[in-house]
Protein chains: 2
Amino acid sequence: MSAWNRAALEALDRDDPLAGFRDQFYLREGLVYLDGNSLGALPRRTMPRLEQVAAQEWGEGLITSWLGAEWITAPRRVGDKIARLLGAEPGEVIVADSTSINLFKALTAALSLRPDRSVILSETGNFPTDLYMMQGISAFSGGRVRAEAVAGEEVLERLGDAVAVLLLTQVHYKTGVVRDMAEVTRRAHEAGVLVVWDLSHSAGAIPVDLNGAGADFAVGCGYKFLNGGPGAPAYIFAAGRHQAAAMPVLSGWMGHAAPFAFEDGYRAADGIERFLCGTPPILSMAALECGVDLMAEADMAAVRAKSLQLGRVFMDLMDEHCGAFGFALVSPREDARRGSHVSYAHPHSYGMMQALKERGVIGDFRDPDVLRFGLTPLTLRHADMLEAVLKIRDVCETQAWDDPRWAVRAAVT
Amino acid sequence: MSAWNRAALEALDRDDPLAGFRDQFYLREGLVYLDGNSLGALPRRTMPRLEQVAAQEWGEGLITSWLGAEWITAPRRVGDKIARLLGAEPGEVIVADSTSINLFKALTAALSLRPDRSVILSETGNFPTDLYMMQGISAFSGGRVRAEAVAGEEVLERLGDAVAVLLLTQVHYKTGVVRDMAEVTRRAHEAGVLVVWDLSHSAGAIPVDLNGAGADFAVGCGYKFLNGGPGAPAYIFAAGRHQAAAMPVLSGWMGHAAPFAFEDGYRAADGIERFLCGTPPILSMAALECGVDLMAEADMAAVRAKSLQLGRVFMDLMDEHCGAFGFALVSPREDARRGSHVSYAHPHSYGMMQALKERGVIGDFRDPDVLRFGLTPLTLRHADMLEAVLKIRDVCETQAWDDPRWAVRAAVT
């Protein structure tokens, strides 16, 4: 029997130093949203800011807002704000494009620094776009670059003279397992290998210390724990020491040393700006900045402490209330190895998640059989964990997954 | 003496079949905005739609809106709408990324169809990002691909067995010169060369007939004549006949045949979806759709007729009122060769444009000495041409360009 009855959880919520953040978001009454790791909730400040950008900056200022409303410096400005969440310096992070595109930039930049090596290494089961972007580079290289993925536990053994760059995700999208960034980076560097870290499930979720780990490159998305809105622009980190030599293959005009000189020849900008490519989507950028500003107000140590506690509470309650229903914990039980989501495998996971959504609990289904529950400390209460688990129990008791509406999986889950 | 006195121009405005569109935009009183070819004006319908997307679809629907609010199909849905403006079929255009990124996709796709050829050809003075993206591909190819730019009038002579793909802009960003898409494409195909057309200054500005011209690939931006908002997502066209064989190097998860199967290996989607890469910015996408919907309500023949007339009126008035002040017309006077902007060279063009902005006339300065005036038929009145030219005359008569505030050019113009 767990100690987490409703009174105990509500006591935790009363003492929660982050409790005030919940009111900073728009959240539908009665909903338990355990998917902030797929799409973060809407900060209340975002809508007024979007109105300002559209009506005043675009509508009134028109083209002059590129300078007058500082649109042109937004990628760097928001990048510097994100840098503070990642243990990076100002000028080491810039907001641009999507995570996929930034993976391409980071991997090709790393390859340009290791011209005598040919392998991009990653792990099987990494988030698909990471693997796919590697494969695209390899295909285009005409055999010069090889994309190789090995089982996660074999990655460090595979490091060697042929490997130019290692691409890993710090917090695994499905299992929530956290990689030891400092240790992996150290081992890679010993082998002369550069590392690209995918931080999509890290930024705003766990403390990240890129420079403390000696990281080379990193990428991540803005729409999960940073609450930047659907398809928010992504970011890329390039360690200051690499910037002068790392050549971006995606050499668009916004990354030029003098974009408005309209020269015929590409000259990369001196610093992180060379990782820009085209014109950034300003409306989506403005929403991202609102989410990042809000996250910057939270103490990351408190965020991590609450995230871990939410995870412990959730797993304890699952043991207590749903232990008989055939769930297999996919995520690590040990705090140090777990990010900010908890996943279970279950034979009826697809239908179960649909039934849960109808009951006001939103999480993710991940192929083939994983239920993923994101635990976002700025929006969730400890008591929400009990609400969610009781709904899961109800679905199991009634076998509500067994509904003809869910016989065919939607292509998008 | 031109026939364009105020009464005559106001008579044209009364008879203008497109006059009603002006009220569909937010336009500041007293402003003559001749820069809709850099950033289109704000459609009145956009702000309410943004509120709906943010507050309802994101705020209420959260992650379920990817399906429930049809975010996931937005790139294709808006692409199909743009296709109608370009003489393309549904399924040949998709909205994604920036123009620069789409140039990379189109050029590498074309290269994949011409594996035995090595040159990407373009013209000097093309829009810089077009040339820069070519150069990045060449640098990464390790000598396999060569980027070559020759003077515009020599492009067709240079076609030959070595050339894989020709990259040209249909309407030149600086001069407004229109290329004959059908003739150039025909000549290129005779030499076995594929063509990528940059339509950034074409879509919504002049009638475009991609399939009529037998075009192979095209790209363009959403924030100019399509009024999609600052940094609106761009689009890419791939002729149906090429889609099955053209491999996108930027092989992100959104272009996978089954993105949510989370497979380790990339399998390109069957159709135009393979030209997607990462997750699209939904807020900026929604604004783009509003602009495209509005443009789709206009008759393109009427748009072209008014655009040309605005150009003739503007040039006649410049002759009449500013003929003595040293302007050199950069754009073609012949209708058939001119797009929807008119440019002049002038030794004091930078300071002149700053002085004009202070007087409520907004155009562009383009390095080194060009004043560019965009003529957007949905928002401009014929009488605005007289307003603008009288302000230009005033600046010339007072030599208002000679102001210490403009002694140093801003980096962004």
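Read-outs throughout are calculated quantities, based only on the coordinates presented, and are distinct from any laboratory measurement. None of these values were measured; they are calculated from a predicted model. Quick reminder, even Gly has a Cβ in these numbers, built from the backbone with ideal geometry, and neighbours come from all protein chains shown.
Worth a mention:
- Nearest-20 debye value, segment B:48-296 charge dipole, Cβ charges on Lys, Arg, Asp, Glu: 220
- For segment B:309-380, the normalised intensity computed at q = 0.13, 0.23, 0.24, 0.28 Å⁻¹ comes to -0.36, -1.16, -1.25, -1.51 (log10 of I(q)/I(0), Debye sum over alpha carbons, equal scatterers, no solvent).
- DSSP-assigned coil residues among GluC sites (Glu not before Pro) in segment A:53-111, each with at most 12 further Cβ atoms within 10 Å: A:Glu70
- Taking max minus min of the alpha-carbon positions on each principal axis, the protein assembly as shown gives extents of 96, 55, 54 Å, largest first.
- Evaluated at q = 0.12, 0.14, 0.15, 0.20 Å⁻¹: base-10 log I(q)/I(0), Debye formula over Cα of segment A:102-209: -0.36, -0.49, -0.57, -1.03
- For the protein assembly as shown, the Cβ-based charge dipole about the Cα centre amounts to some 300 debye (Lys, Arg positive; Asp, Glu negative; other atoms uncharged).
- Part-to-part distance (alpha-carbon centres) for segment B:303-381 and segment B:60-75, which is given in Å: 43
- Remark: the Cα gyration tensor places segment B:281-413 in the oblate category, a/c being 1.5 or greater and a/b not exceeding b/c.
- Dividing the alpha-carbon radius of gyration of segment B:19-113 by the rule-of-thumb value 2.2 N^0.38 Å gives 1.40.
- Ordering B:Gln24, B:Gly68, B:Ala83 by the projection of their Cα atoms onto the charge dipole of segment B:1-122, which places +1 on the Cβ of Lys and Arg and -1 on the Cβ of Asp and Glu, puts B:Ala83 at the extreme positive end.
- Separation between Cα centres of segment A:15-38 and segment A:102-139, rounded to whole Å: 36
- If you take the alpha carbon atoms of segment B:48-296 and fit the smallest convex hull around them, that volume is 118 Å³ per residue.
- Over segment B:168-222, the fraction of Cα-Cα pairs per 10 Å bin, rounded to whole percents and listed from the shortest bin up, is 26, 58, 16, 0.
- Computed over chain B, the per-residue total of -39500 (n - 2.57) for DSSP H runs of n ≥ 4 gives a 222 nm mean residue ellipticity of -10500 deg cm²/dmol, rounded to 500.
- Label-point separation, B:Arg337 to A:Asp15 (7 Å along Cα→Cβ), nm: 8.2
- Ascending list, in nanometres, of distances separating the B:Gln399 label from those of the other copies (7 Å, Cα toward Cβ): 9.3
- Residue-count net charge about B:Phe104 - beta-carbon cut-off 13 Å; Lys, Arg +1, Asp, Glu -1: -2
- Secondary structure note: in segment B:48-296, about 35% of the DSSP beta bridges are antiparallel.
- Loop-located GluC sites (Glu not before Pro) in segment B:321-387 whose Cβ has at most 15 other Cβ within 10 Å (DSSP): B:Glu334
- Mean separation of Cα contacts under 8 Å (6+ apart) over length of chain A, as relative contact order %: 22
- Of the DSSP H helices in chain A, those whose Cα atoms cover at least 30 Å axially and whose Kyte score averages -1.0 or more: A:300-322
- Rounded, prolate or oblate (a/c below 1.5 giving rounded, otherwise prolate when a/b exceeds b/c) for segment A:177-267 by Cα gyration tensor: oblate
- Here the simple spin-label model places points 7 Å from the Cα toward Cβ, and for B:Glu51 and A:Ala257 these points are separated by 4.8 nm.
- Per residue of B:357-367, other chain Cβ atoms within 10 Å of the residue Cβ number 1 on average.
- Cross-link pairs exceeding 22 Å between alpha carbons, from the set B:Lys81/B:Lys224; A:Lys224/A:Lys357; A:Lys224/B:Lys105; A:Lys81/A:Lys224: A:Lys224/B:Lys105.
- Only Lys, Arg (+1) and Asp, Glu (-1) charged, at Cβ; segment A:263-406 dipole about Cα centre in debye: 320
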